[in-house]
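A quick write-up on the structure given underneath.
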């Protein structure tokens, strides 16, 4: 597999506090990569540094082995923060159409995205009147409609119930199968295990492991930290 995009040596300091310390991992075309870690692990800081919202103290994103330029970053990466709700007075349908025009998005995917994320009943509702889970699905729709090859989505399952989480997972998998690369920050490990191909385990601002569940299980065994069960939750606890 090609290491198409790579994060290398990414470090972020706030004074003496190291929010991220020498973070490195690869992102592969067409995969769903899960960024797994508890609250406070540095997941949002990592996404903000990758997206150019925050300047890293050191390191950064490499494209085909060289530092990514600002223009390439804008073209390739679309960052969807958690807890955002733009255009609160505008209806959902307007927001989706506007996002396609503003971001040069995929109008051909509009119907599939609306149906996949169960948005038809919400199209005429102002965004400001939606529940947390409804807003999450609308913002995820906006992200999926953009044309950027890589979508960085911070906590895409937050606020969703079990049925909604499973439906969203199916929609994300369909977009990955078309070649879209999805990098998802997730703190609920069950959600991550359901949808992701590979995982980056982050704890205390450091990467504790990267790979498939099988890769991470093998890594835990080499550290004499064999999980009691071969599932993602136990492997994460064994490695962090």
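The values are calculated or read from the model by the stated rules, or taken from the named source; none is laboratory data. Bear in mind the structure is a predicted one, so any value in this text is a computation, not a measurement. Every residue, glycine among them, receives a Cβ derived from its backbone with ideal geometry; neighbour counts consider all protein chains shown.
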> Of the conditions (1) under 20 Å from the mean Cα position of the chain (by Cα); (2) under 27 Å from residue 136 (Cα atoms); (3) surrounded by 20 or more Cβ atoms within 10 Å (Cβ to Cβ); (4) modelled with pLDDT of 95 or more, residue 41 fails just one. Which one is it?
Replying inline: (4)
>> Based on this model, can you work out whether residue 220 counts as over 17 Å from residue 141 (Cα atoms) and at pLDDT below 90?
In response: yes
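If I ask for residues that are in a loop (DSSP other than H, G, I, E, B), in contact (Cβ under 8 Å) with a residue 24 or more places away in the chain and touching a helix residue (DSSP H, G or I) at 6+ places or on another chain (Cβ under 9 Å), which ones from region 185-240 would you list?
Step one: of region 185-240, the residues in a loop (DSSP other than H, G, I, E, B) are 187-188, 196-197, 204-205, 212, 223-231, 240.
Now restrict to residues that are in contact (Cβ under 8 Å) with a residue 24 or more places away in the chain: 187-188, 196-197, 204-205, 231, 240.
187, 188, 196, 197, 205, 231 - these are the residues of region 185-240 that are in a loop (DSSP other than H, G, I, E, B), in contact (Cβ under 8 Å) with a residue 24 or more places away in the chain and touching a helix residue (DSSP H, G or I) at 6+ places or on another chain (Cβ under 9 Å).
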> Restricting attention to region 129-168, which residues are in contact with a strand residue (DSSP E or B) (Cβ under 8 Å, 6 or more places away or on another chain) and in a loop (DSSP other than H, G, I, E, B)?
Replying inline: 146, 148, 149, 155, 156, 157
> On the given criteria, is residue 61 in contact (Cβ under 8 Å) with a residue 12 or more places away in the chain, farther than 30 Å from residue 12 by Cβ, crowded, with 20+ Cβ neighbours inside 10 Å and touching a helix residue (DSSP H, G or I) at 6+ places or on another chain (Cβ under 7 Å)?
Replying inline: no
> Here is a list of conditions, (1) under 25 Å from residue 145 (Cβ atoms); (2) in contact (Cβ under 8 Å) with a residue 60 or more places away in the chain; (3) crowded, with 16+ Cβ neighbours inside 10 Å, and residue 113 meets all of them except one; can you say which number that is?
Replying inline: (2)
>> Need the failing condition index for residue 171 against (1) within 13 Å of the chain's Cα centre (by Cα); (2) in a helix (DSSP H, G or I); (3) closer than 16 Å to residue 106 by Cβ, just the number.
In response: (1)
